[in-house]
Amino acid sequence: MSDAIDRYVLGRYSKLLHGNFAALAGGPEGEVFLRDLVEDARRITDDELEALFEADWRPRITAAWLIGVDRRTEWRERVRELFLESKLVFAGQGYCFALARFGTIADAEILVSYLDRYLAQPKLRYDQEWALAALHHIDADLRTAYTSRYLRPGGRWETWSAANSTDLPFQKRWFDILGSHVQRAVHAAGVRH
């Protein structure tokens, strides 16, 4: 497993965390980072992904981003399982990204399950902002309205947000920016091949 961590995680997880790679976008370092991310998403084996999911949050966030970039929907159930148990910090950001990239009703329902569970616990600040932004992204693509149930006055988001300092409009824009950078890199890789 250390080979997979050395190859896919060590130089990457800190840039995936919070979408930090976006600060590099448009520059040569950002282009190389995204190109390598796309290539590794296509290259990594299922055994290597499973090994990353068995480790701490750094390999998990990386594995989830790689799965999302390559839209490996066969990993949906594993992502759902890890996301809903939320045992490790930060990994949920990657799960949210992967589910948004898959972008189906099934993925929206996973995000709804997560939000139903964790917005009801205002003292827990996990990845609720990422989850709502991912759900908003799916809503926009599918023309659904899953997020509306949380955003009603007096709804779960308002209650949770009152206990946590949040900026949902920023989070939604940020999530869309990250997805856009990845999609451009995926497209560019397809043109190169």
Q | Count of residues meeting criterion [open to solvent by 10 Å² or more (accessible area, probe 1.4 Å) and within 23 Å of Ser165 (Cα to Cα)] in segment 108-154 | A | 25
Q: Just give me the residues in segment 2-27 being open to solvent by 60 Å² or more (accessible area, probe 1.4 Å) and closer than 26 Å to Glu129 by Cα, in sequence order.
A: Leu10, His18, Asn20, Ala23, Gly26
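I'd like to know if segment 97-114 contains one or more residues that are assigned to a loop (DSSP other than H, G, I, E, B) and modelled with pLDDT under 95.
Our first condition is that a residue be assigned to a loop (DSSP other than H, G, I, E, B); within segment 97-114, this holds for 103-104.
Narrowing the set further to residues that are modelled with pLDDT under 95 leaves none.
No: segment 97-114 contains no residue that is assigned to a loop (DSSP other than H, G, I, E, B) and modelled with pLDDT under 95.
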Q: Could you tell me which of the residues Gly68, Gly30 is open to solvent by less than 10 Å² (accessible area, probe 1.4 Å), modelled with pLDDT under 95 and in a helix (DSSP H, G or I)?
A: Gly30
Q: Filter segment 33-51 down to residues that are without any contact (Cβ under 8 Å) to a residue 24 or more places away in the chain and either surrounded by 19 or more Cβ atoms within 10 Å (Cβ to Cβ) or within 15 Å of Ser180 (Cα to Cα) (or both), then give me how many there are.
A: 1
Q: From (1) free of Cβ contacts under 8 Å to residues at least 60 places away in the same chain; (2) open to solvent by less than 60 Å² (accessible area, probe 1.4 Å); (3) of a type in the set (Val, Ile, Thr), pick out the condition that doesn't hold for Ile105.
A: (2)
Q. Got a sec? Which helices (runs of 4 or more DSSP H) wholly within segment 119-193 have at least 2 residues that are without any contact (Cβ under 8 Å) to a residue 24 or more places away in the chain?
A. 148-151, 156-163, 168-192
Q: Evaluate the following for Ile177: is it surrounded by fewer than 20 Cβ atoms within 10 Å (Cβ to Cβ), modelled with pLDDT of 90 or more and in contact with a helix residue (DSSP H, G or I) (Cβ under 8 Å, 6 or more places away or on another chain)?
A: yes
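The values are calculated or read from the model by the stated rules, or taken from the named source; none is laboratory data. What you see is a predicted model, and the numbers here were worked out from it, not measured in a lab. Positions of Cβ are generated from backbone atoms using ideal geometry, with glycine treated the same way; all protein chains shown enter the neighbour counts. Note: areas computed on protein heavy atoms with side chains; ligands, DNA, RNA excluded. Shrake-Rupley method; radii C 1.70, N 1.55, O 1.52, S 1.80 Å.
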